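Engineer: First the structure, then my questions, so here it is.
The values are calculated or read from the model by the stated rules, or taken from the named source; none is laboratory data. Note that the structure is a prediction, hence the values are computed from the model and not measured. Here Cβ is always computed from backbone atoms with ideal geometry, including for glycine, and neighbour counts include all displayed protein chains.
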Amino acid sequence: MPIYKTKDKNKQGQSRYNVRINYTDSFGAHKQLTRSAWGLSAAKELERQLSQQTDEKKIVLGITVQQLYEEFLNSSQSEIRRSTVRGYVTNFTNHILPVLGNQRLTSLNVRMLNSWKNYINSKPISLVTKKNIYGALRVVLNYAVKLEYIPSNPLLKVGNFKDSLYQKPEMQFYTPDEFKAFIATALTARQESGYYDYYIFFMLRYYTGARKGELHALRWNCIDGNKMYIKRSISQKIKGDDVETPPKNKSSVRTVQLPEPMLNALKIQKENQQQKIKDWNENGFVCGYYRPLRDTAIENENKKYAAMSGVKKIRIHDFRHSHASLLINAGINALEVAHRLGHSTVDQTLKTYSHLFPTEADKALNVLNNI
């Protein structure tokens, strides 16, 4: 890092010095920087500052995937859901850091990442899990690009995991008649026990299309007349106690109108809880009161009611699909369906349920047939 004295002088008689440094930037490129100062003491101070900046550049250049991951978690935990953070921790701890943790960011290339991808492919895990692992690494490397640690994300050139034999689970739903049979069985079973919470849960799933976590967080003070206010969500998939957070996205905070059958069921549920719970108040959960119903117990009840009623067994999430299917087949427009489901865009609704919406070709044919 040389200091060169020039022939130039200022009015105070101080000579101008050029301070020149050679350094490697955070992208691994070799560069040269020249700055000037008046007077030898000022030039030496400039040399010290530039030397410090160069050392910081070297630190950035040497950052590893492990260090990047830790920095990402520290800066992002307040911005993303805890369940999402837990997913990142699991994927990095089990699948990414053991192979890539000690690698420097600037050493990552397509060949290395493709080798890591082959390693993940050899694991006896599902395609969905592999895609989640890829997604976690992609997000963290995109963070590195944002901070200008690397110029671009090399993982994007490698591409996500694919399986030509993999078939996405078929979307299932109950028709109105199937749901009536299912819910009648649930009601009979609960009348015998006097505990209506599971019955109410399945009613809410079908009549509102709300997500499971949103119903777990539903309290009596979230219902006003025929309106249900969805403001929170509870996850049971985090070690320890349940974790309550805002819903999935901004659009998920919404108001859903309730039909008469749902209002009548809620009225009975409230009366039953008030009779049995001495300290009842509107801050209690609609399903479970003191504590949301357990996911495992809900699934067990789902299997039991389906078997007893003689209808096919569908997944808990398929009750949400059933709600969407019911509205679409009744001719409700995509905008209203998107609102009730809490989708961020109408495009998301159309993408998910495009096969249920009548095509424009069908509409045109119907118009022509009726002439």
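Engineer: Which residues, counting only those in the range 126-137, are at pLDDT 90 or above and either over 13 Å from LEU97 (Cα atoms) or not hydrophobic (A, V, I, L, M, F, W, C) (or both)? Spell out how you get there, then give the answer.
Structural biologist: The first filter runs over the range 126-137 and keeps only residues at pLDDT 90 or above, leaving 129-137.
Correct list: THR129, LYS130, LYS131, ASN132, TYR134, GLY135.
Engineer: Return the residues of the range 138-157 that are surrounded by 14 or more Cβ atoms within 10 Å (Cβ to Cβ) and either modelled with pLDDT of 90 or more or in contact with an Asp or Glu (Cβ under 7 Å, 6 or more places away or on another chain) (or both); say none if nothing qualifies.
Structural biologist: Within the range 138-157, ARG138, VAL139, VAL140, LEU141, ASN142, ASN153, PRO154, LEU155, LEU156 meet the criteria.
Engineer: Give VAL110, VAL60, VAL19, VAL89 a once-over and let me know the one that is surrounded by 12 or more Cβ atoms within 10 Å (Cβ to Cβ), over 30 Å from PRO247 (Cα atoms) and either at pLDDT 90 or above or in contact with a Cys (Cβ under 6 Å, 6 or more places away or on another chain) (or both). Full working, then the answer.
Structural biologist: Values: VAL60 fails: either at pLDDT 90 or above or in contact with a Cys (Cβ under 6 Å, 6 or more places away or on another chain) (or both); VAL19 fails: either at pLDDT 90 or above or in contact with a Cys (Cβ under 6 Å, 6 or more places away or on another chain) (or both); VAL89 fails: over 30 Å from PRO247 (Cα atoms).
When all the criteria are applied, what remains is VAL110.
Engineer: Given the structure, is ILE120 outside the structural domain of SER233 (by TED's automatic domain parsing), crowded, with 17+ Cβ neighbours inside 10 Å and at negative phi? Lay out the reasoning, then the answer.
Structural biologist: Values: outside the structural domain of SER233 (by TED's automatic domain parsing): yes; crowded, with 17+ Cβ neighbours inside 10 Å: yes; at negative phi: yes.
For ILE120, the condition - outside the structural domain of SER233 (by TED's automatic domain parsing), crowded, with 17+ Cβ neighbours inside 10 Å and at negative phi - is met.
Engineer: Right, something else. Of all the helices (runs of 4 or more DSSP H) wholly in the range 171-266, which have at least 2 residues that are hydrophobic (A, V, I, L, M, F, W, C) and more than 29 Å from the chain's Cα centre (by Cα)? Give the steps one after another, and end with the answer.
Structural biologist: On the way: elements: 176-193, 197-208, 212-216.
Output list reads 176-193.
Engineer: Report yes if some residue within the range 283-292 is at positive phi and either of a type in the set (A, V, I, L, M) or surrounded by fewer than 12 Cβ atoms within 10 Å (Cβ to Cβ) (or both); otherwise report no. First the steps, then the outcome.
Structural biologist: As a first pass, look at the range 283-292 and keep what is at positive phi: 288-289.
After this cut, where a residue has to be either of a type in the set (A, V, I, L, M) or surrounded by fewer than 12 Cβ atoms within 10 Å (Cβ to Cβ) (or both) as well, the list is none.
Checked the range 283-292: no residue is at positive phi and either of a type in the set (A, V, I, L, M) or surrounded by fewer than 12 Cβ atoms within 10 Å (Cβ to Cβ) (or both).
Matching residues to (1) under 15 Å from ILE200 (Cα atoms); (2) of a type in the set (Ser, Thr, Tyr); (3) surrounded by 15 or more Cβ atoms within 10 Å (Cβ to Cβ):
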residue	(1), (2), (3)
ASN264	yes, no, no
THR296	no, yes, no
ASN300	no, no, no
LYS303	no, no, no
SER309	no, yes, yes
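Engineer: Of the residues that sit in the range 22-54 and are modelled with pLDDT of 75 or more and touching a helix residue (DSSP H, G or I) at 6+ places or on another chain (Cβ under 7 Å), which one is farthest from LEU147 (Cα to Cα)?
Structural biologist: For the range 22-54, the residue satisfying everything is ALA37.
Engineer: Can you list the helices (runs of 4 or more DSSP H) found entirely within the range 59-142 that contain at least 1 residues being over 19 Å from the mean Cα position of the chain (by Cα)?
Structural biologist: On the way: elements: 65-76, 82-91, 97-100, 110-121.
The helices (runs of 4 or more DSSP H) meeting that bar are 65-76, 97-100, 110-121.
Engineer: May I pose another question? Restricted to the range 185-194, and to residues that are in contact (Cβ under 8 Å) with a residue 40 or more places away in the chain and farther than 30 Å from THR349 by Cβ, which residue is surrounded by the fewest Cβ atoms within 10 Å (Cβ to Cβ)?
Structural biologist: Narrowing the range 185-194 to residues in contact (Cβ under 8 Å) with a residue 40 or more places away in the chain: 185-186, 189, 194.
Imposing the further condition that a residue be farther than 30 Å from THR349 by Cβ reduces the set to 185, 189, 194.
Working: THR185: 19, ALA189: 16, GLY194: 9.
Looking at the filtered set, the residue picked out is GLY194.
Engineer: Moving on to the next point. So, of the residues in the range 158-170 that are in a loop (DSSP other than H, G, I, E, B) and at pLDDT 85 or above, which turns out to be farthest from ALA324 (Cα to Cα)? Even if it seems obvious, please write down each step before you answer.
Structural biologist: Going residue by residue through the range 158-170, those that are in a loop (DSSP other than H, G, I, E, B) are 159-170.
Checking the rest, the ones that are also at pLDDT 85 or above come to 159-161.
Working: GLY159: 33, ASN160: 30, PHE161: 30 Å.
Among those residues, the one meeting the criterion is GLY159.
Engineer: Let me ask something else about it. How many residues, within the range 204-237, are loosely packed, with under 15 Cβ neighbours inside 10 Å and at negative phi?
Structural biologist: Taking the range 204-237 and keeping what is loosely packed, with under 15 Cβ neighbours inside 10 Å, we get 221, 224-227, 237.
Subsequent filtering for residues that are at negative phi retains 221, 224, 226-227, 237.
So the count comes out to 5.
Engineer: Being assigned by TED's automatic domain parsing to the domain that holds ILE183, surrounded by fewer than 19 Cβ atoms within 10 Å (Cβ to Cβ) and within 27 Å of the chain's Cα centre (by Cα) is the requirement here; does HIS317 meet it? So that I can check it myself, show each step before the final result.
Structural biologist: Values: assigned by TED's automatic domain parsing to the domain that holds ILE183: yes; surrounded by fewer than 19 Cβ atoms within 10 Å (Cβ to Cβ): yes; within 27 Å of the chain's Cα centre (by Cα): yes.
The answer is yes for HIS317.
Engineer: Still on this structure, please answer the following. So, LYS276, is that one farther than 23 Å from ARG211 by Cβ and either surrounded by fewer than 19 Cβ atoms within 10 Å (Cβ to Cβ) or among the small types (Gly, Ala, Ser) (or both) or not? So that I can check it myself, show each step before the final result.
Structural biologist: On the way: farther than 23 Å from ARG211 by Cβ: yes; either surrounded by fewer than 19 Cβ atoms within 10 Å (Cβ to Cβ) or among the small types (Gly, Ala, Ser) (or both): yes.
Judged against the criteria, LYS276 is a match.
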